[in-house]
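Some notes on the structure that comes next.
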Amino acid sequence: MHLTDKFGREITYLRLAITDRCNLRCQYCMPAHGIDIVDRKELLTYKEMYRITRILSELGVNKVRLTGGEPFVRKDFIKFLETLSFNDKLDQINITTNGALIAKHIPKLEELNIKAINLSLDTLQADRFKTITRRNVFTETMETLDKLLESSLQIKLNVVVIPGLNTDEIVDFIELTKDKDLSVRFIEEMPFNGVGQKTDDEIWNMKKIYHEIEKNYNNIIPLKSKRSSTSQNYTLEAYKGSFGIIPAFTRTICNDCNRIRITATGMFKNCLFDDGVFNIRDFMRNGASDKEIAQLFINTVHKKPKNGFVAEANRRDNVSESMSTIGG
Ligand code: SF4
């Protein structure tokens, strides 16, 4: 049995949030004072996460991305990775991290066959890093980037394009790909910032970001992307790496969406923009069997909305939750 929605899209990719806690306070994700983190007992346990992943992998999910908050702030995360790496139905275990805490873990991640690390880094300037993240860990993060580039792990840099803050660094990030085998992805800013849609800022959407790149380079080569890829990818002549743009807010990528999400508190999301469909944590803690859980996943995925606009329109409230509570 596989997970297919009513539009025929096959769901093979789980984004699982390990925690809602984070060691940074990025402006586009949460207010300066942070968010009201939940009580520890409301978080999925690692045992519950393993069970969920196993049941989904038996339904055809073969790729898992572990996110947060910041996954490495949760105690025993590496032990969970060890356990998860025993699930031979998973072709890929990937991690999204802000990188401030992981330098010492890189050899272990290689040993555990972690496929790809997405490093969130929105500036290459120390002062601006402090402004954006409200924390002083630029050195640690850049050290992590260097160590990751020396490792056997696939590296992608996730750069949220924030109007008025880092739009003048788009070329600097692309120049990183000149002699480094790195993929830089520019992400449209989204309203998951703990306060909701900002109205005052100019919009830097996919078109505007590409236009900015086109103004500076005349040898842009489009790259063929996988069907369910979230980013449109390109490279430049004689450049070792590549760059891409993720239309996360413009939502032009929904036709081939193969993703579902489970938040750190067990909320199942068919789409980033929905407000949660059911809580798998409670269902499990109320004694549901593996068969009942599998059937609930099958029934729920079938109802996945056509795209992020439909998902947002069906919400009970406006988008305002912090990305730290969803997992990106
Ligand atoms: S907006 Fe929703 S449907 Fe569209 S790609 Fe994202 S998760 Fe998938």
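The values are calculated or read from the model by the stated rules, or taken from the named source; none is laboratory data. Since the structure is predicted, the reported quantities are computational estimates derived from the model, not experimental observations. Neighbour counts run over all protein chains shown; Cβ positions are idealised from the backbone, glycine included. Accessible surface is based on the protein model in full, side chains and every heavy atom, while ligands, DNA and RNA are left aside. Shrake-Rupley method; radii C 1.70, N 1.55, O 1.52, S 1.80 Å.
Among 298, 118, 157, whose Cα projects farthest towards the positive end of the dipole of the chain, with charges put on the beta-carbon of Lys, Arg (+1) and Asp, Glu (-1)? Going by the charge dipole, the pick is 298. Rounded to the nearest 10 degrees, the angle from helix 290-302 to the longest Cα principal axis of the chain is 50 degrees.
Provide the gained length on full extension for the span residue 150 to residue 221, in nm with one decimal, where the gain is 0.36 nm per separating residue minus the Cα-Cα distance.
Numbers: separation 71, 0.36 × 71 = 25.56 nm, distance 2.61 nm.
Additional length available on full extension: 22.9 nm.
Computed from Cα atoms, the angle from the helix 46-57 axis to the main principal axis of the chain rounds to 90 degrees.
Hey, what's the chain come to in accessible area per residue, 1.4 Å probe, Å²?
Values: 15100 Å² over 328 residues.
Ligands and nucleic acids excluded, the figure is 46 Å² per residue.
For the chain, leaving out every one of the trypsin sites (Lys or Arg not before Pro) that falls in a DSSP loop and has at most 13 other Cβ atoms within 10 Å, the longest unbroken run is 90-177.
Here the spin labels are modelled as points 7 Å beyond Cα on the Cα-Cβ line, and at residue 238 and residue 103 they lie 3.3 nm apart.
Ignoring any ligand, DNA or RNA, what whole percent of the accessible area of the stretch 126-197 comes from carbon and sulfur when the probe is 1.4 angstrom? Each step should come with its number before you reach the end.
Working: 1400 of 3070 Å².
Taking all protein chains in place, the stretch 126-197 shows 46 percent carbon and sulfur surface.
Expressed in Å, the radius of gyration and Dmax of the Cα atoms of the stretch 201-294 are 19.2, 60. If you plug the beta carbon distance of residue 91 and residue 36 into 1/(1 + (r/R0)^6) with R0 = 45 Å, you get a FRET efficiency near 0.80. Summarising the label geometry, the points placed 7 Å from Cα in the beta-carbon direction at residue 78 and residue 286 lie 3.9 nm from one another. Using C-alpha pairs under 8 Å with a sequence gap of at least 6, the mean separation divided by the residue count of the stretch 196-328 gives a relative contact order of 21 percent.
Expressed as a whole percent, the accessible area of the stretch 236-324 that falls on carbon and sulfur atoms is 52 (1.4 Å probe). Each part gets one Cα centre, and for the stretch 7-35 versus the stretch 209-246 those centres are 25 Å apart. Along its three principal directions, the equivalent ellipsoid of the chain from the Cα gyration tensor extends over semi-axes of 30, 22, 21 Å, largest first.
Taking the Cα centre of the chain as origin, sum charge times position over the Cβ atoms of Lys and Arg (+1) and Asp and Glu (-1), and report the length of that vector in debye to the nearest 20. Intermediate values should be presented prior to the final figure.
Working: 48 positive and 44 negative charges, 195 e Å.
So the magnitude is around 940 debye.
Taking chymotrypsin sites (Phe, Trp or Tyr not before Pro) in DSSP loop states with no more than 16 other Cβ atoms inside 10 Å as exposed sites, the chain has its longest site-free stretch at 87-216. Residues of the stretch 288-328 with an amide N closer than 18 Å to a point placed 7 Å from the Cα of residue 195 along the Cα-to-Cβ direction: 318-325.
Translational diffusion coefficient, Stokes-Einstein: compute it for the stretch 71-220 using the Kirkwood radius over C-alpha pairs as Rh, at 10 °C and 1.306 mPa s, and state it as an integer in µm² s⁻¹. Mind dumping the intermediate values first?
Details: Rh = 17.0 Å.
For the chosen part, D equals 94 µm²/s.
For the chain, the 222 nm mean residue ellipticity estimated from helices alone, with every DSSP H stretch of n ≥ 4 adding -39500 (n - 2.57) and the total spread over all residues, rounds to -7500 deg cm²/dmol.
Run the numbers for residue 303 and residue 113: contour at 0.36 nm per residue of separation, minus the present Cα-Cα distance, in nm. Write out the running numbers ahead of the final one.
Numbers: separation 190, 0.36 × 190 = 68.40 nm, distance 3.37 nm.
In short, 65.0 nm is gained.
Between 0 and 90 degrees, the angle of helix 138-150 with respect to the longest Cα principal axis of the chain falls at about 80 degrees. For the chain, the cysteines with no partner cysteine C-beta closer than 4.7 Å are 22, 254, 257, 271.
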